[in-house]
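Written out below as C-alpha coordinates is the structure these notes cover.
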Amino acid sequence: MRLPPLPDPMNALTPDRIAAGAVGDRPIDVPLSAITITPYDPAWPARYRAERSRIGAALGGRALAVEHVGSTAVPGLSAKNRVDVDLIVTDPADEAAYVPALEAAGYVLRMREPDWYEHRCLWNEGHTVNLHVFGPDCDEHLRHLIFRDWLRAHPDDLEFYEAEKRRAAADSPWSMSAYNARKATSIIEILRRAGLRPAAGQRR
(Lines give C-alpha, C1' and ligand atoms only; values in the text may rest on other atoms or scores of the structure.)
Protein backbone atom coordinates (compact mmCIF):
# COMPACT_ATOMS: atom_id res chain seq x y z
CA MET A 1 0.00 0.00 0.00
CA ARG A 2 1.40 3.42 -0.90
CA LEU A 3 1.78 6.00 1.84
CA PRO A 4 -0.46 9.04 1.33
CA PRO A 5 0.49 12.42 2.82
CA LEU A 6 -0.62 13.44 6.26
CA PRO A 7 -4.05 15.08 6.43
CA ASP A 8 -4.08 18.75 5.50
CA PRO A 9 -5.02 20.86 8.57
CA MET A 10 -6.78 23.26 6.20
CA ASN A 11 -9.42 20.55 5.61
CA ALA A 12 -10.55 20.43 9.22
CA LEU A 13 -14.17 19.48 9.79
CA THR A 14 -15.64 22.86 10.80
CA PRO A 15 -19.32 23.76 11.27
CA ASP A 16 -19.14 25.75 8.01
CA ARG A 17 -17.76 22.75 6.14
CA ILE A 18 -20.49 20.51 7.56
CA ALA A 19 -23.16 23.04 6.60
CA ALA A 20 -21.76 23.44 3.07
CA GLY A 21 -21.84 19.71 2.43
CA ALA A 22 -25.02 18.76 4.28
CA VAL A 23 -27.73 17.06 2.21
CA GLY A 24 -31.34 17.06 3.38
CA ASP A 25 -32.74 17.86 6.79
CA ARG A 26 -29.96 16.79 9.12
CA PRO A 27 -28.08 18.13 12.15
CA ILE A 28 -25.18 20.39 11.24
CA ASP A 29 -22.79 20.36 14.18
CA VAL A 30 -24.92 19.52 17.22
CA PRO A 31 -25.54 15.75 17.47
CA LEU A 32 -28.97 14.37 18.32
CA SER A 33 -27.53 13.01 21.55
CA ALA A 34 -24.35 13.72 23.48
CA ILE A 35 -21.17 12.16 22.09
CA THR A 36 -20.27 9.19 24.26
CA ILE A 37 -17.49 6.63 24.05
CA THR A 38 -18.54 3.07 24.84
CA PRO A 39 -16.38 0.01 25.52
CA TYR A 40 -15.48 -2.15 22.54
CA ASP A 41 -18.42 -4.28 21.44
CA PRO A 42 -17.56 -7.69 19.93
CA ALA A 43 -20.75 -7.34 17.86
CA TRP A 44 -19.30 -4.47 15.80
CA PRO A 45 -17.53 -6.72 13.25
CA ALA A 46 -20.77 -8.65 12.68
CA ARG A 47 -22.61 -5.37 12.17
CA TYR A 48 -20.02 -4.40 9.58
CA ARG A 49 -20.35 -7.74 7.78
CA ALA A 50 -24.11 -7.25 7.59
CA GLU A 51 -23.60 -3.80 6.05
CA ARG A 52 -21.01 -5.18 3.62
CA SER A 53 -23.50 -7.80 2.47
CA ARG A 54 -26.21 -5.19 2.05
CA ILE A 55 -23.90 -2.93 0.04
CA GLY A 56 -22.72 -5.83 -2.12
CA ALA A 57 -26.29 -6.93 -2.83
CA ALA A 58 -27.21 -3.38 -3.83
CA LEU A 59 -24.20 -2.56 -6.00
CA GLY A 60 -22.59 -5.79 -7.13
CA GLY A 61 -19.40 -5.09 -9.05
CA ARG A 62 -19.91 -1.33 -8.75
CA ALA A 63 -18.56 -1.67 -5.21
CA LEU A 64 -14.82 -1.86 -5.94
CA ALA A 65 -13.99 -2.25 -2.25
CA VAL A 66 -15.84 -2.20 1.06
CA GLU A 67 -13.79 -1.79 4.25
CA HIS A 68 -14.54 -1.56 7.95
CA VAL A 69 -12.72 1.56 9.17
CA GLY A 70 -12.74 3.83 12.19
CA SER A 71 -12.54 2.86 15.83
CA THR A 72 -15.15 0.09 15.68
CA ALA A 73 -12.78 -1.74 13.30
CA VAL A 74 -10.06 -2.01 15.95
CA PRO A 75 -10.54 -4.87 18.44
CA GLY A 76 -10.40 -3.62 22.02
CA LEU A 77 -10.79 0.07 21.18
CA SER A 78 -13.66 1.98 22.77
CA ALA A 79 -15.69 4.05 20.34
CA LYS A 80 -18.91 5.82 19.54
CA ASN A 81 -21.51 3.15 18.84
CA ARG A 82 -21.53 3.87 15.11
CA VAL A 83 -19.87 1.71 12.45
CA ASP A 84 -17.82 3.47 9.77
CA VAL A 85 -17.57 1.84 6.36
CA ASP A 86 -15.55 2.99 3.34
CA LEU A 87 -17.04 2.21 -0.07
CA ILE A 88 -14.87 2.64 -3.16
CA VAL A 89 -16.60 3.30 -6.47
CA THR A 90 -15.26 4.29 -9.87
CA ASP A 91 -16.48 7.89 -9.62
CA PRO A 92 -18.11 9.22 -6.42
CA ALA A 93 -19.35 12.27 -8.36
CA ASP A 94 -21.51 10.00 -10.54
CA GLU A 95 -24.18 9.63 -7.87
CA ALA A 96 -26.65 8.15 -10.33
CA ALA A 97 -24.41 5.08 -10.59
CA TYR A 98 -24.74 4.09 -6.92
CA VAL A 99 -26.90 6.38 -4.75
CA PRO A 100 -30.34 5.18 -5.97
CA ALA A 101 -29.34 1.55 -5.40
CA LEU A 102 -28.07 2.33 -1.91
CA GLU A 103 -31.20 4.34 -1.12
CA ALA A 104 -33.29 1.33 -2.15
CA ALA A 105 -31.23 -0.69 0.35
CA GLY A 106 -32.05 1.73 3.16
CA TYR A 107 -29.27 4.33 3.09
CA VAL A 108 -29.79 8.10 2.73
CA LEU A 109 -27.29 10.56 1.24
CA ARG A 110 -26.39 13.06 3.97
CA MET A 111 -23.07 14.63 2.91
CA ARG A 112 -21.64 15.78 -0.41
CA GLU A 113 -18.10 17.22 -0.53
CA PRO A 114 -16.93 17.67 -4.15
CA ASP A 115 -13.85 19.63 -3.05
CA TRP A 116 -12.63 16.92 -0.64
CA TYR A 117 -11.92 13.76 -2.62
CA GLU A 118 -15.50 13.88 -3.99
CA HIS A 119 -16.51 12.43 -0.63
CA ARG A 120 -20.11 11.37 -0.10
CA CYS A 121 -21.54 10.03 3.13
CA LEU A 122 -24.73 8.05 3.53
CA TRP A 123 -26.45 7.08 6.76
CA ASN A 124 -28.60 4.09 7.52
CA GLU A 125 -31.89 4.42 9.37
CA GLY A 126 -31.12 5.36 12.95
CA HIS A 127 -27.65 6.58 11.92
CA THR A 128 -25.78 3.64 13.40
CA VAL A 129 -23.64 3.49 10.23
CA ASN A 130 -21.63 6.10 8.34
CA LEU A 131 -21.06 4.91 4.76
CA HIS A 132 -18.21 6.97 3.28
CA VAL A 133 -17.81 6.91 -0.51
CA PHE A 134 -14.45 7.61 -2.16
CA GLY A 135 -12.79 6.92 -5.49
CA PRO A 136 -9.94 4.49 -6.23
CA ASP A 137 -6.54 5.18 -4.63
CA CYS A 138 -7.99 8.02 -2.53
CA ASP A 139 -5.57 9.47 0.04
CA GLU A 140 -8.20 9.64 2.77
CA HIS A 141 -9.28 6.03 2.27
CA LEU A 142 -5.64 4.92 2.45
CA ARG A 143 -5.18 6.91 5.66
CA HIS A 144 -8.22 5.14 7.13
CA LEU A 145 -6.69 1.73 6.38
CA ILE A 146 -3.21 2.65 7.62
CA PHE A 147 -4.57 4.15 10.84
CA ARG A 148 -6.78 1.13 11.49
CA ASP A 149 -4.03 -1.38 10.83
CA TRP A 150 -1.50 0.56 12.93
CA LEU A 151 -3.79 0.63 15.94
CA ARG A 152 -4.52 -3.08 15.55
CA ALA A 153 -0.79 -3.78 15.79
CA HIS A 154 0.29 -1.16 18.38
CA PRO A 155 -1.56 -1.45 21.73
CA ASP A 156 0.25 1.55 23.24
CA ASP A 157 -1.08 3.81 20.51
CA LEU A 158 -4.52 2.22 20.86
CA GLU A 159 -4.55 3.19 24.54
CA PHE A 160 -3.23 6.68 23.73
CA TYR A 161 -5.90 7.27 21.10
CA GLU A 162 -8.68 5.93 23.30
CA ALA A 163 -7.68 8.33 26.08
CA GLU A 164 -7.66 11.25 23.63
CA LYS A 165 -11.12 10.30 22.37
CA ARG A 166 -12.51 10.12 25.88
CA ARG A 167 -11.09 13.55 26.65
CA ALA A 168 -12.52 14.94 23.41
CA ALA A 169 -15.98 13.56 24.17
CA ALA A 170 -15.86 14.90 27.74
CA ASP A 171 -14.77 18.36 26.56
CA SER A 172 -17.11 18.66 23.54
CA PRO A 173 -20.08 16.31 23.87
CA TRP A 174 -22.37 18.58 21.82
CA SER A 175 -20.14 19.54 18.88
CA MET A 176 -18.98 17.09 16.24
CA SER A 177 -16.49 19.60 14.79
CA ALA A 178 -14.93 20.33 18.20
CA TYR A 179 -14.79 16.63 19.04
CA ASN A 180 -13.05 15.86 15.74
CA ALA A 181 -10.68 18.81 16.10
CA ARG A 182 -9.63 17.60 19.54
CA LYS A 183 -8.87 14.13 18.12
CA ALA A 184 -7.04 15.44 15.05
CA THR A 185 -3.73 16.11 16.79
CA SER A 186 -3.50 12.55 18.11
CA ILE A 187 -4.51 11.09 14.74
CA ILE A 188 -1.76 13.03 12.96
CA GLU A 189 0.76 12.00 15.62
CA ILE A 190 -0.11 8.33 15.14
CA LEU A 191 -0.03 8.61 11.34
CA ARG A 192 3.46 10.13 11.62
CA ARG A 193 4.55 7.07 13.57
CA ALA A 194 3.07 4.97 10.77
CA GLY A 195 5.39 6.73 8.31
CA LEU A 196 3.20 9.44 6.77
CA ARG A 197 4.68 12.86 6.05
CA PRO A 198 3.22 16.20 4.91
CA ALA A 199 2.72 16.77 1.20
CA ALA A 200 5.07 19.19 -0.54
CA GLY A 201 4.12 22.72 0.46
CA GLN A 202 1.84 21.50 3.27
CA ARG A 203 2.19 23.06 6.70
CA ARG A 204 4.33 20.82 8.90
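The values are calculated or read from the model by the stated rules, or taken from the named source; none is laboratory data. On a predicted model such as this, the values are computed, not experimentally measured, just so you know. Every residue, glycine as well, gets a Cβ built from its backbone with ideal geometry; the counts of neighbours run over all protein chains shown. For accessibility, only protein heavy atoms count, side chains too; no ligands or nucleic acids. Shrake-Rupley method; radii C 1.70, N 1.55, O 1.52, S 1.80 Å.
Residues in segment 1-59 that are within 30 Å of residue 200 (Cβ to Cβ), open to solvent by less than 70 Å² (accessible area, probe 1.4 Å) and of a type in the set (Lys, Arg): 17 alone. Could you tell me whether any residue of segment 183-196 is over 21 Å from residue 56 (Cβ atoms), of a type in the set (Val, Ile, Thr), within 14 Å of the chain's Cα centre (by Cα) and not in a loop (DSSP other than H, G, I, E, B)? Yes, because at least one residue in segment 183-196 is over 21 Å from residue 56 (Cβ atoms), of a type in the set (Val, Ile, Thr), within 14 Å of the chain's Cα centre (by Cα) and not in a loop (DSSP other than H, G, I, E, B). Does any residue of segment 77-96 turn out to be in a helix (DSSP H, G or I) and open to solvent by 30 Å² or more (accessible area, probe 1.4 Å)? Looking through segment 77-96, at least one residue is in a helix (DSSP H, G or I) and open to solvent by 30 Å² or more (accessible area, probe 1.4 Å). Among the residues making up segment 116-146, those that are open to solvent by 20 Å² or more (accessible area, probe 1.4 Å) and assigned to a loop (DSSP other than H, G, I, E, B) are 116, 117, 118, 125, 126, 127, 128, 136, 137.
Scanning segment 160-167 turns up no residue that is at pLDDT 95 or above and part of a loop (DSSP other than H, G, I, E, B).
Matching residues to (1) touching a Lys or Arg at 6+ places or on another chain (Cβ under 8 Å); (2) closer than 27 Å to residue 183 by Cβ:
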| position | (1), (2) |
| --- | --- |
| 97 | yes, no |
| 112 | yes, yes |
| 129 | yes, yes |
| 134 | no, yes |
